[in-house]
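To start, the structure itself, in structure tokens.
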Amino acid sequence: MTPDERRVLVARALANDLSPAETEHFRALCAEDESLLAELARHTVLDRLLSHTHLYPNGSEFVREVQTRVHAPGAEPLAFVQRVTRRLRPQQAWRPAPRLLAAAAAIVILVSGTWWTIAMRQPVASVVRVEAIAWAEGQRRLESSERIPPGRVQIAGGFLELALTSGVHLILDGPADLELRRG
């Protein structure tokens, strides 16, 4: 068996990717070849260590543990462990500063308030005709073709014809008090 075939077989065994027949064959090989069993044990320990990297946020305990368990001949264990740690350590999640969140919330509130104010001031009706009108006290005079925003329309006498934006036409015969609303 070539070294590459050994590595693939050990990796597949660690990943539980062997069929039942391959598992039996692998067990027989491990019983015959102690070096294969030692390689499996070494990779099993390393696999377990790597699966727990998230438990050591600063990495120092992980580095010490790997250094004591991994004995790669001719290799610098610290450099190896640092490369592995950099690759496995999850990237720091972006966490916005509280001031940034407050500024974003203020912008959202400002834009929403502005939009709501503009939307609420959009006309809901227009004056079609005014005849012999007597306006109620406090009511602003409305002219023909004038667009009316939501609010109250009061007349003391006469006729007022309105066209709502929904397409409905109203004829008010005074005295009348009408509350125009959106929706």
Between Ala31 and Trp115, what length comes free when the chain is fully extended (0.36 nm per residue of separation minus the Cα-Cα distance, one decimal in nm)?
22.6 nm
Cubic angstrom per residue, convex hull over Cα atoms of the stretch 131-176
74
Convex hull of the stretch 93-183 built on C-alpha atoms - directionally averaged projected area, nm²
8.5
Per the rule of 0.36 nm per residue minus the C-alpha distance, extending Leu18 to Ala41 adds in nm 6.6 nm
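No value in this document is a laboratory result; all are computed from the given coordinates. What you see is a predicted model, and the numbers here were worked out from it, not measured in a lab.
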